[in-house]
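This report concerns only the one structure given below.
The values are calculated or read from the model by the stated rules, or taken from the named source; none is laboratory data. Everything numeric here is computed off the predicted structure, so don't read it as measured data. With ideal geometry, Cβ positions are generated from the backbone for all residues, glycine too; neighbour counts draw on all protein chains shown. In case anyone asks, the SASA skips ligands and DNA or RNA and just uses the protein heavy atoms, side chains included. Shrake-Rupley method; radii C 1.70, N 1.55, O 1.52, S 1.80 Å.
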Amino acid sequence: MRNPKKMHLIIMIPAVLLFFTFHTYPALQGLFYSFTNWKGYGEWDFVGLKNYLNLFEDKRAFDAYIFTFKFAIISTILVNFLSLLIALGLNTKIKFQKTLRAIYFLPYILSGLIVAFIFNFIFAHFLPNIGDSLGLEFLSKNILGDKNLAWIGIVIVAVWQAVAFNTLLYLAGLVTITEDLYEAASIDGAGVWTKFWKITFPLIAPFFTINMVLSMKGFLMVFDQIVALTGGGPGTSTESISLLIYRDGFDGGQFAYQSANAIIYFIVIVIISVLQMRVLEKRGVENS
């Protein structure tokens, strides 16, 4: 304890070793195997860029990318719209404000798989039974069994659970805005809509940027909800990139090929995140 630098080094070394062992080293292994034809077992040979070139001709991978991006974009928009709306409501002077904030945060602390399995039962049995009883045809059908509607069920579950965390971040931004600004705007004759666009939104722009980036990144890596709700079906209509990599990489004898897919997808996510940060931060500066 007499030498703080040495103590910090002693504390840091185990963390660095653990991070390298369980994160960096496996990532480097995946990068290495992406240039081979290894199936996950047995012998292997170097194939160079063959796996990467084959990905551009893989229709199944292309469909998985299309579904994943469609799901991520729609879910990101819905989550941020709903969470901002809820945060604005919870930030007003209402009864049981703290209790309501705790209730809205509950979905986030629940396991994604458990939540998805519960909604699976709701979509497959609960809602169809209600629809049959009331004679409502649109409720009588299990949307998870329809290749054209199954993605909607996944969006509903993912958005319902993700809204909690985004709402918390927006609330953290809203509490930093002083009431004096709104009072001054009211004196100048500003309405509710004007206050939101001229005061509220510009001041919570950094939180909006964080939420957009985290939401998009999280939804691009969607896995749990799909496994529990549809398993990628019907057929492969709801198969995400993460599920495709996991399923074919570990069970389909395509470890090296899906390692290349994972590397490509990692690069895509990084590029999207960087572009989001730059565009949203630029707009935030212009609005402030």
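Points to keep in mind about this one:
- Region 1-107 shape via C-alpha gyration tensor axes, a/c threshold 1.5: oblate
- Cα centroid separation - region 215-240 against region 104-138, whole Å: 17 Å
- Taking every alpha-carbon pair under 8 Å whose residues sit at least 6 apart, region 144-288 reaches a relative contact order of 30 percent.
- Loop chymotrypsin sites (Phe, Trp or Tyr not before Pro), region 96-165, which have at most 13 other Cβ atoms in a 10 Å radius of their Cβ (DSSP): F96
- Residue order by solvent-accessible surface for V16, V268 is V16, V268, largest first, with ligands and nucleic acids left out and a 1.4 Å probe.
- The Cα center of region 153-167 and the Cα center of region 6-37 differ in position by 32 Å.
- Checking every one of the trypsin sites (Lys or Arg not before Pro) in region 86-193 against DSSP loop status and a limit of 10 other Cβ atoms within 10 Å picks out K93, K95.
- The chain, relative contact order in percent, only Cα pairs under 8 angstrom and at least six apart counted: 29 percent
- For the chain: rounded, prolate or oblate by the Cα gyration tensor [a/c cutoff 1.5]: oblate
- Computed helical MRE - 222 nm, the chain, DSSP H runs ≥ 4 contributing -39500 (n - 2.57), nearest 500: -21500 deg cm²/dmol
- Rounded, prolate or oblate (a/c below 1.5 giving rounded, otherwise prolate when a/b exceeds b/c) for region 55-210 by Cα gyration tensor: prolate
- Taking amide H as placed 1.01 Å from N in the peptide plane, T36 has its amide H under 5 Å from the amide H of V47, each at least 5 places away in sequence or on another chain.
- Table column - 3J(HN,Hα) (Hz), region 125-137, Karplus curve with 6.51, -1.76, 1.60, x for Gly and Pro: 10, 4, 5, x, 5, 5, x, 5, 5, 8, x, 9, 5
- Remark: region 255-267, residue by residue, has Karplus-estimated 3J(HN,Hα) of 4, 5, 4, 6, 5, 5, 4, 5, 5, 4, 5, 4, 5 Hz, where x stands for each Gly or Pro and the curve is 6.51 cos²θ - 1.76 cosθ + 1.60 at θ = phi - 60°.
- Within region 1-95, chymotrypsin sites (Phe, Trp or Tyr not before Pro) in DSSP loop having at most 10 other beta-carbon neighbours inside 10 Å: Y41, F56
- Loop sites here are GluC sites (Glu not before Pro) outside DSSP states H, G, I, E and B with no more than 11 other Cβ atoms within 10 Å. The longest part of the chain free of them is 58-288.
- Using the Cβ of G189 as centre and a radius below 13 Å, the other residues enclosed give a net charge of 0, where K and R count +1 and D and E count -1.
- Entries in K70/K195; K217/K282; K95/K195; K70/K141; K95/K217 that, when Cα-Cα distance is taken, lie over 28 Å: K70/K195; K95/K217
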